[in-house]
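Input: a single structure, listed below in structure tokens.
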2 protein chains.
Amino acid sequence: MRKFKNVPITAVKLHDKFLAPRVETCIKVTIPSALAKCRETGRIDAYKLDWKPGKGDCPHVYWDSDVAKVLEGVAYSLAQSPDAELEKYYDELVDLIVSAQQPDGYLNVHFTVADQDKRWKDLMLKHELYCAGHLMEAAVAGFEMLGKRKFLDAMCRFADYIDSLFGEGEGKRPGIPGHQEIELALIKLYRVTGNERYLKLSKYFIDFRGQDPDFFQKENGIGEPPVMKQVHLPVREQTKASGHAVRMMYMLCGMADVGEETGDESLLDACKTIYNNIVNRQMYITGGIGSNWWHENFTSDYDLPNGSNSYSESCASMALALFARRMAYITGEGAYVDTIERALFNTVLAGISLHGDDYFYSNYHEINDNYIPYHSGARVRQKWFFCSCCPTSYCRFLTQIPQFIWNEDNNGGVYLNIPVANTLDYGDKLIEVSGGYPESGNVKVTVKKGGAFALNIRISGFAKSVKFRLNGAEVSAPVQNGYALFERKWQTGDTVDYDMDMPFELMRSNSRLTENLGKVAITHGPVVYCCENTDNIADVRDLCIDSETEFVLKEVNGLGKCAMAVECDGFAAEDRGEALYDSAPRRLNRCKITAIPYGLWQNRGETNMAVWMVEK
Amino acid sequence: MRKFKNVPITAVKLHDKFLAPRVETCIKVTIPSALAKCRETGRIDAYKLDWKPGKGDCPHVYWDSDVAKVLEGVAYSLAQSPDAELEKYYDELVDLIVSAQQPDGYLNVHFTVADQDKRWKDLMLKHELYCAGHLMEAAVAGFEMLGKRKFLDAMCRFADYIDSLFGEGEGKRPGIPGHQEIELALIKLYRVTGNERYLKLSKYFIDFRGQDPDFFQKENGIGEPPVMKQVHLPVREQTKASGHAVRMMYMLCGMADVGEETGDESLLDACKTIYNNIVNRQMYITGGIGSNWWHENFTSDYDLPNGSNSYSESCASMALALFARRMAYITGEGAYVDTIERALFNTVLAGISLHGDDYFYSNYHEINDNYIPYHSGARVRQKWFFCSCCPTSYCRFLTQIPQFIWNEDNNGGVYLNIPVANTLDYGDKLIEVSGGYPESGNVKVTVKKGGAFALNIRISGFAKSVKFRLNGAEVSAPVQNGYALFERKWQTGDTVDYDMDMPFELMRSNSRLTENLGKVAITHGPVVYCCENTDNIADVRDLCIDSETEFVLKEVNGLGKCAMAVECDGFAAEDRGEALYDSAPRRLNRCKITAIPYGLWQNRGETNMAVWMVEK
């Protein structure tokens, strides 16, 4: 059923200004620093299983997931950028982790060194199945990237053990994860091992979810609305994104995977329905999702606050990209890539500093010096968190970016999804993409090694129109599912170059999204811009954008080589004063306003920022 | 130290269109229905102390406060509108309540029929001191309004018992209420009894608060930021409104009362500082406070969201009016009355239906059919709540309104605070106020019984200018503290009439309040208007107000005799469409827009509403 398949991660070399430096920084800074944090905080040594009360922090129920996610990232990193020392450390870590596995296959440091009698007793809150899933994903990455089996074999034993406990049939108990993740991980395990037990168990977790909305309440006695963990309805009957955003996304990934592997259209239909609800009603323009800081939740349609009472977790946008990627692969529809780009170029890049070791957990769309973010939010990026899911997600996500760029199909056709400058070097294909995407819609694809194959080029959903030239001569190409098809016997040196008409634009929200009424956001293709005080003559709250503005690219300092800013026309309001409410209209003076990509904000110190600006 | 004193509640008869019907409805509908709800839900029978597990709901720790607040309202009601049957029921209820008092003076149904070993064990959460305070307030009202001593004597015994437990000195323990209220109630008890123990105990609760920010945590082991219950700092060092809004307001009332009675300027200075923080940075234009639904909290300056993620509890605005009234009385400053009017005419009236028995707990400033209010919020008024503080607050608040209208000073001078149409009939004073305030700034004061006294007339802070005429001839009057003074030997029939220039205006927020950037609210003096779909040709989200609009009064159906609406010029946007984000500007068509007072919204069925509208 799947239309696309991956090209190897090593097949794609990025050399654009926007993504390549972030992937490189992830390998050089993010992963080493996350490993260091895991050591410092006891997450690594925890696998020695020698924790005793009084000996530092008790290993937390989700520590395994943090280590697993970094290790998954290390595998992608080593595949792209071999490093003998890091690989040695990786092997030692795997040895240590596997040494902590119990004879029955169980692995979770918390319940091995503490609360030993509470294994599997509170599926809603205790994260054992969630951690298991991340450990399995890490093991699959180690096998696929590096050909290492030890971790994979151990995680198969763990999966076998879990399968012996949960599901239907004699001696098994009903169960569902309180934090979805294992569903998609079991499919990965199934794909590399061919063991149908894993597919069946994943399908069981998907199918059983929501059959009894009170399942968790009955188990742990804690009253929580069933919708929070997406158990309010059987998954096929769910039509809206609801509850905890990352859980929702991982559930959708699992549903898509099981739907694909079993040919179950009802699961894929549910995925599409919920996907449409997200992108049409519950997604920030930056690809952020889960707008409520309280339980990191989806709320209701069009409820997308910008400020201190909002959320938009970094992990959630990465998970949205992973879900949209699955949908693109399964359906072959280029439109899903628009959503990947929204999330990737904006919220995902905003959640980590250019330096690579400072993170936002929640991504505000407006921040001001009078704001005190609610709860776990922060006004500046942090080095680590008590619950450090976001930093560890970056380790495994940014290193996978090369695999988002190209796909192939089963007939040897290749698909260019995100036309940043890069080289595809794989089998008998050698293709170079150049141009300034996403800063510019001009892209040139050069076939560096001739041969007969179909080259499919995605036409961005953000483009107004597109013109293709084959070896310099205008051509038209058949378009299917958002991809223009060029199928021919290529000669070395053949080029397809194209202009996607992707102007700077002022975007308006649907009026149901009332917080943005009367406001505009500047976009350029998938890239959303924001204004920081740093570049402007007045506080961003006192600036208005001129509806008729032109846009002029400009350079700004301090954003590395990856950033162009844009200047537009607007107004600055005089005399803010101290009155909270006042009838006097404020005098507006014409001024220039500078905006930078949202994915690069707060890289020059703490300053006020806004994505949505008043339109005049 | 106090500048003003109350006139008797029976001295003022309202006959205006805006407030009088609401007070009358409170007496005729709200109080009887609240009594019925108290009976239905077991709150009354609970005083029989015969609850056993299995016999319905266990009396909740705050049930006493609900009954007490209704009883307080009954006392005000009976004073103004005698009713033999209701008075008989009142006496029976008092008998029943007093019969439940324990030999040591203790009274709280929950801890008498259940958890008997947990009395005073969790001051933070268990509401015993809070309920005690409301019972004392009710008892004082019964004594002052109806001259009945039984309840008062019982509550003195309760206060004596509490005083024997808490405070400094041998055999006493430290303590502070987790929900402030008893501080102000003890002062009321002190004022009617002259017993200094009550003043001293109140002062102890005020002084001890915040001396140890971890006091509650040490007591009950529950981690909660100390700021939530205002124990983060000693009260005199607090400079901002923070934590739970109603608790904050009752604390301020207690601080003002103790400051006044002890001449402690440091307490009054802290009250003024926090008051200024509220009205200049944390108050909705409608006099709503406590913008966060989570724990019904204040958050940070300028954080005043309008929609489903906001709050603005009805009780909190009533409590703000009670606090501002204390400050007005103590300082003699008319400016505090502006805040009373903001709260009273807008949020307080909005929180209860015209029919008188449907209530908002939280008061949104915008509501739409796609909104799902967070947590305990509701999109339509409710008949009662599990925690039913708001309905019971209305019983005691609306019936006190006549006492907000006039004050006197110690020299027999009278002060007209809120110049709604009314008659003051008290001692040797008989004064009639006529005119359409607040719909109009034209007011006529007629002295119906001659005599020498000072008549002080507050000049609204919302008036641009004011012109006075004495018996038809223009005069100027000395103005002090916001009151114009007319001191003379009045002849029967003398009049002072005046025009306060109080135009309809478009109000803008300070730009730090980013949610209202580019938006305006329509006000007329203290009255804030809102738009409902009911009166308009398009959804309120698709309407913009013309910056240059004129305002024309108009009548609308369905709002009883108390409502005038206003029509202004604006635009309706075409083609909302379904896209969440779109670059096409929407075509605007000129139209008329109708707005009604916010205090009257949602009295004609569920409909979309907005206070803040985009300005064009």
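The values are calculated or read from the model by the stated rules, or taken from the named source; none is laboratory data. As the structure is a computational prediction, the values presented were derived from the model and not from experiment. Positions of Cβ are generated from backbone atoms using ideal geometry, with glycine treated the same way; all protein chains shown enter the neighbour counts. Calculation scope for accessible area: heavy atoms of the full protein, side chains included, ligands and nucleic acids excluded. Shrake-Rupley method; radii C 1.70, N 1.55, O 1.52, S 1.80 Å.
What to note about this one:
- Measuring from the axis that maps chain B onto chain A, the chain B residue with the nearest beta carbon and its rounded distance in angstrom come out as B:GLY518, 2.
- Computed over protein heavy atoms with a 1.4 angstrom probe, the accessible surface ordering of A:GLU333, B:GLU555, largest first, is B:GLU555, A:GLU333.
- Taking Cα centre as origin and charging only the Cβ of basic (Lys, Arg, +1) and acidic (Asp, Glu, -1) residues, the dipole magnitude of chain B rounds to 640 debye.
- Normalising the average separation of contacting C-alpha pairs (under 8 angstrom, six or more residues apart) by the number of residues puts the relative contact order of region B:379-473 at 19 percent.
- Solvent-accessible surface (1.4 angstrom probe) belonging to B:MET564, in square angstrom, nearest 10: 40 Å²
- Exercise: per-residue mean of other protein chain Cβ atoms within 10 Å, A:300-306: 6
- Dipole check for region B:459-546: with +1 at the C-beta of Lys and Arg, -1 at the C-beta of Asp and Glu, and the Cα centre as origin, the magnitude is about 440 Debye.
- Summed over all non-identical Cα pairs, the Kirkwood treatment of region A:281-405 gives a radius of 14.7 Å.
- Rough spin-label spacing in nm, given labels placed 7 Å along Cα→Cβ, for B:ARG379 and B:ASP104: 5.1 nm
- Euclidean distance of C-alpha centroids, region A:237-255 and region B:290-335, integer Å: 38 Å
- Among beta bridges identified by DSSP and lying wholly in region A:481-616, the antiparallel ones come to about 95 percent.
- Probe 1.4 Å, all protein chains present, accessible-area order of A:VAL192, A:VAL479, B:VAL611, largest first: A:VAL479, A:VAL192, B:VAL611
- Cut-off under 5 Å, modelled amide H: who pairs with A:TYR483 long-range: A:GLY334, A:ILE459
- Antiparallel content of DSSP bridges confined to the protein assembly as shown, in %, to 5: 95 percent
- Gyration tensor verdict on region B:91-143 (Cα atoms; rounded if a/c is under 1.5, prolate if a/b is larger than b/c, oblate otherwise): oblate
- Per-residue ³J(HN,Hα) for region B:481-493, Karplus 6.51 cos²θ - 1.76 cosθ + 1.60, θ = phi - 60°, Hz, x for Gly and Pro: 6, x, 10, 8, 9, 10, 10, 6, 8, 6, 9, 4, x
- Kirkwood-based Rg to Rh ratio, region B:416-476, C-alpha trace: 0.95
- Chain lengthening between B:ARG604 and B:LYS88 when straightened (0.36 nm per residue, less Cα-Cα): 182.1 nm
- Counting only residues at least eight positions apart within a chain, or on another chain, the lysines with an alpha carbon under 19 Å from that of A:LYS28 are A:LYS13, A:LYS17, A:LYS37, A:LYS69, A:LYS88, A:LYS383, A:LYS561.
- Solvent-accessible surface (1.4 angstrom probe) belonging to A:LEU322, in square angstrom, nearest 10: 20 Å²
- Computed per residue of chain B from DSSP H runs no shorter than four, each worth -39500 (n - 2.57), the mean residue ellipticity at 222 nm is -9500 deg cm²/dmol.
- Shortest-first nm distances, B:LEU485 label point to equivalent points in other copies (7 Å, Cα→Cβ): 9.4
- A label point on A:ASP369, set 7 Å along the Cα-to-Cβ line, lies at 4.4 nm from each of its counterparts in the other copies, closest listed first.
- Cβ-derived FRET efficiency at R0 60 Å, A:SER81 paired with A:GLU550, nearest 0.05: 0.90
- Distances from B:GLY450 to itself in the other copies, using label points 7 Å out along the Cα-Cβ axis, amount to 12.1 nm in increasing order.
- Residues whose placed amide H lies under 5 Å from that of B:ILE522, excluding near-sequence neighbours: B:MET507, B:TYR529
- Per-q log10 I(q)/I(0), the protein assembly as shown, q = 0.05, 0.08 Å⁻¹ (Debye; single scatterer per alpha-carbon; no solvent): -0.41, -0.97
- Less than 5 angstrom separates the built amide H of A:TYR62 from none of the residues sequence-distant by 5 or more or on a different chain.
- Dividing the mean sequence gap of close Cα pairs (under 8 Å, 6+ apart) by how many residues chain A holds gives a relative contact order of 13 percent.
- Region A:214-288: C-alpha gyration tensor shape, a/c 1.5 cut-off, then a/b vs b/c: oblate
- Across region A:437-524, the mean sequence separation of Cα contacts (distance under 8 Å, 6 or more residues apart), normalised by length, yields a relative contact order of 36 percent.
- Candidate residues B:PHE462, A:PHE345: accessible-area rank, largest first, probe 1.4 Å: B:PHE462, A:PHE345
- Derived scalar couplings ³J(HN,Hα) [region A:333-339; Karplus, 6.51 cos²θ - 1.76 cosθ + 1.60; whole Hz; x for Gly, Pro]: 8, x, 4, 4, 5, 4, 5
- If you wrap the Cα atoms of region A:497-543 in a convex hull and average its projected area over all directions, you get 4.8 nm².
- Note on the protein assembly as shown: with charges restricted to the Cβ of Lys and Arg (+1) and Asp and Glu (-1), its dipole about the Cα centre is near 120 debye.
- Overall form of chain B per C-alpha gyration tensor (a/c, 1.5; a/b vs b/c): oblate
- Among the protein heavy atoms, those of A:TYR581 account for about 40 Å² of accessible surface (1.4 Å probe, every chain in place).
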